[in-house]
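A.B. asks: I'd like to ask some things about the structure below.
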Amino acid sequence: AQKVTQAQTEISVVEKEDVTLDCVYETRDTTYYLFWYKQPPSGELVFLIRRNSFDEQNEISGRYSWNFQKSTSSFNFTITASQVVDSAVYFCALSEADSWGKLQFGAGTQVVVTP
Amino acid sequence: DVKVTQSSRYLVKRTGEKVFLECVQDMDHENMFWYRQDPGLGLRLIYFSYDVKMKEKGDIPEGYSVSREKKERFSLILESASTNQTSMYLCASSPLVRASGSLIDREQFFGPGTRLTVL
């Protein structure tokens, strides 16, 4: 069963618009970790953020922000004032406790930012 | 900076050939992983290793094997390549971190990927 769902296959925005990427996860563990990665056209996945299940604080890093809500099993990602360089595929991933760090990825969301 | 390198960016092989994909990391990480990436499916774990000579099956190990003879190197082997193994293959590594007896999952660092085409 899919444990991480990214329902949006592709989102197209014009530069300076905000874009929110949804991520819904499923786990029975009380201890788990959530991640977001960016895959630009070059292909190499770039780590963006890691959050553990006991830390529900939202986080902001520059134009990026993350909203973690355990009540809805969601870990959404917002890019504010998008730029062309934000064009990439974004993956949400889950690792469960004592799984040796194995990641279960969502299908990814392609973000296309046009000038 | 963590560096994960993969032996080839692009590879073309014929059905039935034995294929080796090599991955090397330079940060002394204990964990290493092989994923394949296909459109609409995200990344799926093939095999992982948490120590030299140790390996564990991931979600889709069929048709693949791995080797980890040295800590820094993790090889993925396609014993007899088939067309349905045409894909992007990504290697990753991460440190093994423990706190209070439990594993703490840290981010994985990825290589640039190998796009394999099997004809």
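A.B. asks: Within the stretch A:41-53, identify whether any single residue is more than 10 Å from every other protein chain (Cβ to nearest Cβ) and either of a type in the set (D, E, K, R) or surrounded by fewer than 17 Cβ atoms within 10 Å (Cβ to Cβ) (or both), and answer yes or no.
C.D. replies: yes
A.B. asks: Follow-up question, since we're still on this one. Can you pull out every residue in the stretch A:72-84 that is among the hydroxyl-bearing types (Ser, Thr, Tyr) and over 14 Å from residue A:26 (Cβ atoms)?
C.D. replies: Selection gives A:78, A:80, A:82.
A.B. asks: Please enumerate the residues belonging to the stretch B:78-107 that are surrounded by fewer than 15 Cβ atoms within 10 Å (Cβ to Cβ) and either aromatic (Phe, Trp, Tyr) or at pLDDT 90 or above (or both).
C.D. replies: To start, the set of residues in the stretch B:78-107 that are surrounded by fewer than 15 Cβ atoms within 10 Å (Cβ to Cβ) comprises B:79-80, B:82-84, B:97-102.
Correct list: B:79, B:80, B:82, B:83, B:84.
A.B. asks: So which residues in the stretch A:6-21 are in contact (Cβ under 8 Å) with a residue 60 or more places away in the chain, part of a loop (DSSP other than H, G, I, E, B) and farther than 12 Å from residue A:86 by Cα, if there are any at all?
C.D. replies: Of everything in the stretch A:6-21, those that are in contact (Cβ under 8 Å) with a residue 60 or more places away in the chain, part of a loop (DSSP other than H, G, I, E, B) and farther than 12 Å from residue A:86 by Cα turn out to be A:6, A:8, A:9.
A.B. asks: Which one is surrounded by the most Cβ atoms within 10 Å (Cβ to Cβ) among residues in the stretch A:71-87 that are out of contact with any Leu (no Cβ under 7 Å at 6 or more places or on another chain) and of a type outside the set (Gly, Ala, Ser)?
C.D. replies: A:79
A.B. asks: Take the stretch A:87-115 and flag every residue that is within 14 Å of chain B (Cβ to nearest Cβ) and either over 23 Å from residue B:46 (Cα atoms) or outside any strand (DSSP E or B) (or both).
C.D. replies: Scanning the stretch A:87-115 gives A:88, A:97, A:98, A:99, A:100, A:101, A:102, A:103, A:106, A:107, A:108, A:110.
A.B. asks: Residue B:53 - would you say it is more than 10 Å from every other protein chain (Cβ to nearest Cβ), of a type in the set (D, E, K, R) and touching a residue at least 24 places away in the same chain (Cβ under 8 Å)? Before you say what the answer is, go through the steps one by one.
C.D. replies: Details: more than 10 Å from every other protein chain (Cβ to nearest Cβ): yes; of a type in the set (D, E, K, R): yes; touching a residue at least 24 places away in the same chain (Cβ under 8 Å): no.
In short, no.
A.B. asks: OK, next. Of the residues in the stretch A:15-35, how many are within 14 Å of chain B (Cβ to nearest Cβ), of a type outside the set (A, V, I, L, M, F, W, C) and under 17 Å from residue A:77 (Cα atoms)?
C.D. replies: 2
A.B. asks: All but one of (1) within 14 Å of chain B (Cβ to nearest Cβ); (2) touching a Pro at 6+ places or on another chain (Cβ under 8 Å); (3) over 30 Å from residue B:57 (Cα atoms) hold for residue A:84, so report the exception by its number.
C.D. replies: If we test residue A:84 against (1) within 14 Å of chain B (Cβ to nearest Cβ); (2) touching a Pro at 6+ places or on another chain (Cβ under 8 Å); (3) over 30 Å from residue B:57 (Cα atoms), just (1) comes out false.
A.B. asks: Additional query: Exactly one condition in (1) farther than 20 Å from residue B:40 by Cα; (2) touching a residue at least 40 places away in the same chain (Cβ under 8 Å); (3) in a strand (DSSP E or B) is not met by residue A:67; state its number.
C.D. replies: Every condition holds for residue A:67 apart from (2).
A.B. asks: Out of everything in the stretch B:56-77 that is more than 11 Å from chain A (Cβ to nearest Cβ) and of a type in the set (Gly, Ala, Ser), what residue ends up being surrounded by the most Cβ atoms within 10 Å (Cβ to Cβ)?
C.D. replies: Looking at the filtered set, the residue picked out is B:75.
The values are calculated or read from the model by the stated rules, or taken from the named source; none is laboratory data. Remember, it's a predicted structure, so these values are computed and weren't measured experimentally. Every residue, glycine as well, gets a Cβ built from its backbone with ideal geometry; the counts of neighbours run over all protein chains shown.
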